[in-house]
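Visitor: Handing you a structure now.
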Amino acid sequence: MPQRMSFAIRWLPLLLIGLLGCSSPVVRSQTPDESLVEEPTDEGRRTVGDLARPWGMRRTTIEGIALVTNLNNTGSDPDASSRRRVLIDDMKRRGVENPNSILGMPSTSLAIIRATLPPAAQKGDRIDVEVMTPSRSKTKSLRNGWLMNARLQEMAVLGNRIRSGRVLGLAEGAVVVDALLEDGSDNTLETQGRILGGGVVQRPRMLGLKLRSEHHSVRASALIGTTINERFHTFDRGNKRGVANPKRDDFIELSVPTHYRNNIVRYIRVVQAIALNESPQERLERMPKLQPELLEPKTAVAAAVKLEALGSEAIPILQKGLQSSSPLVRFAAAEALAYMDDESAVAVLAESASSESAFRWHAITALGSMLKTDARDALASLMQGASDEARYGAFRALLDTNPRDPAVRGDVLGDTLALHVVP
């Protein structure tokens, strides 16, 4: 199956899809683990978030200098600059003969490329790539251009020279200029565009928890790791293992369970809500106390996260939230249930996605995380709904879940495109 990159024009009825970052403050004569929970939260127990903060949640920008070819005599010979030197050096490393003569052709242009690595990006993930000409370039248009294989790195200008770090991504593909997608007569729209899904991540981005300075200790790091692993696991080459790996006395590396991979923020919020040193009996006693918070719109979202952190034992309480007269309470409960793959969430999430724009992305993402057939059917139904945004979101969720799903499979056109007809 050829690899795919996605491309959509929202105002047309056709959707083209290219083949496609411990010690307690109170000292007492007790064990270190006990001292970690001496200062209780409102519910009598410290959480992971009280001792540690997320690390690796910022998006990282990566850039490169690249060559665009196949232009219809709208390219230009780039001026002498550090960018030109970088491109020529790269061409020479790739065995290109006479790079200066190639740069002088009207069918080529130097371009700046840029992409964003999301948190917890994994090797092989596809990302969108922005393409633009330098500000003083004489290139008239990148229309019909093809970006030659190029490296994406963290880059900075130091001492009038471009310095680059490790290669974090590769980019290649057909450039879709912004002039095709936006109204107006701005000529700059011809010299900037994007390659949707045209980048491939080369190095995984680490995600983790950084212990707050007052809690640095091997015992604290180990306690947090063990507690998280009691709630979450993932699979590595078919072997089940916990998601938390304490690396140092101040850092715990986290893997992401499959069903959270499209909502990393949600995953981190739930991890931070996990209580430390809580016995099964204490957990059972705490759950009913969260029910009034769940049923109150002002506290429903936070309460749903706390219940989700407790795991499947909290499902009956979350299901009571589905009966609320408040759309917010119903949605908060359903979202938490979806990430535990409970099918009672499906109907509420489908309703939220179709009728509440504020909930739409979260509802569709939650439905896409589920393994239940009912969730797949709900997404397929959303593709027939009144909202353009919901139809497109449902399409992307289904495609991401199963590219071979009959509802989104489409027809392959050549080696690089597939045609999908969406109402």
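The values are calculated or read from the model by the stated rules, or taken from the named source; none is laboratory data. Keep in mind that what you see is a predicted model, and the values were worked out from it rather than measured. When the accessible area is computed, the model is the full protein with side chains, heavy atoms only, and any ligands, DNA or RNA have been set aside. Shrake-Rupley method; radii C 1.70, N 1.55, O 1.52, S 1.80 Å.
Visitor: In percent, how large is the relative contact order of region 191-301, given Cα pairs closer than 8 Å and 6 or more residues apart? Don't skip to the end; give the middle numbers.
Guide: Working: 98 pairs, mean separation 24.9, N = 111.
Normalised by residue count, the contact order of region 191-301 is 22 percent.
Visitor: Right, next: Per residue and in cubic angstrom, what volume does the convex hull of the Cα atoms of region 74-229 have?
Guide: 180
Visitor: Any chance you could run the full-extension gain for A386 through V167? It's 0.36 nm times the residue separation minus the Cα-Cα distance, nm to one decimal. Show your work: numbers first, answer last.
Guide: Numbers: separation 219, 0.36 × 219 = 78.84 nm, distance 4.34 nm.
That pair, A386 and V167, stretches by 74.5 nm at full extension.
Visitor: Rolling a 1.4 angstrom probe over the protein chains, ignoring ligands and nucleic acids, what is the accessible area of W361 in square angstrom, nearest 10?
Guide: Per-residue accessible area (W361): approximately 140 Å².
Visitor: Kindly provide the helix-only [θ] at 222 nm of the chain, computed as the sum of -39,500 (n - 2.57) over DSSP H runs of four or more divided by all residues, to the nearest 500 deg cm²/dmol?
Guide: Mean residue ellipticity at 222 nm (helix-derived): -9500 deg cm²/dmol.
Visitor: So what's the gap between the Cα centers of region 48-106 and region 255-283, to the nearest angstrom?
Guide: 39
Visitor: Which translational diffusion coefficient, to the nearest whole µm²/s, is obtained for the chain from the Stokes-Einstein equation, given a Kirkwood hydrodynamic radius over C-alpha pairs, 37 °C and 0.692 mPa s?
Guide: 135
Visitor: Residue by residue through region 354-363, which ³J(HN,Hα) values in whole Hz follow from phi under the Karplus form 6.51 cos²θ - 1.76 cosθ + 1.60 (θ = phi - 60°), with glycine and proline marked x?
Guide: 7, 10, 10, 4, 5, 9, 4, 4, 5, 5
Visitor: Another question about this same structure. HN-Hα J couplings of region 272-287 from phi, Karplus 6.51/-1.76/1.60, θ = phi - 60°, integer Hz, Gly and Pro as x?
Guide: Per residue, the Karplus-derived 3J(HN,Hα) values read 5, 8, 5, 7, 9, 6, 10, 6, x, 5, 5, 5, 5, 6, 7, 4 Hz.
Visitor: Out of residues 5 or more away from A418 or on other chains, whose amide H comes under 5 Å of its own, with H placed 1.01 Å from N in the peptide plane?
Guide: Under 5 Å from the amide H of A418 lie the amide H atoms of I17, G18, L19, L413, each far enough along the sequence or on another chain.
Visitor: Of all the accessible heavy-atom surface of the chain, with the other protein chains kept in place and a 1.4 Å probe, what percent is carbon and sulfur?
Guide: 49
Visitor: Order the following by accessible area, largest value first: T258, T226, T60. Probe radius 1.4 Å; ligands, DNA and RNA are ignored.
Guide: Most to least solvent-accessible, the answer reads T258, T226, T60.
Visitor: Sorted by accessible area (1.4 Å probe), largest first, how do V412, V422, V218 line up?
Guide: V218, V412, V422
Visitor: Per residue, what accessible area does the chain have, given a 1.4 Å probe and all protein chains present, in Å²?
Guide: Numbers: 21540 Å² over 423 residues.
Ligands and nucleic acids excluded, the result is 51 Å² per residue.
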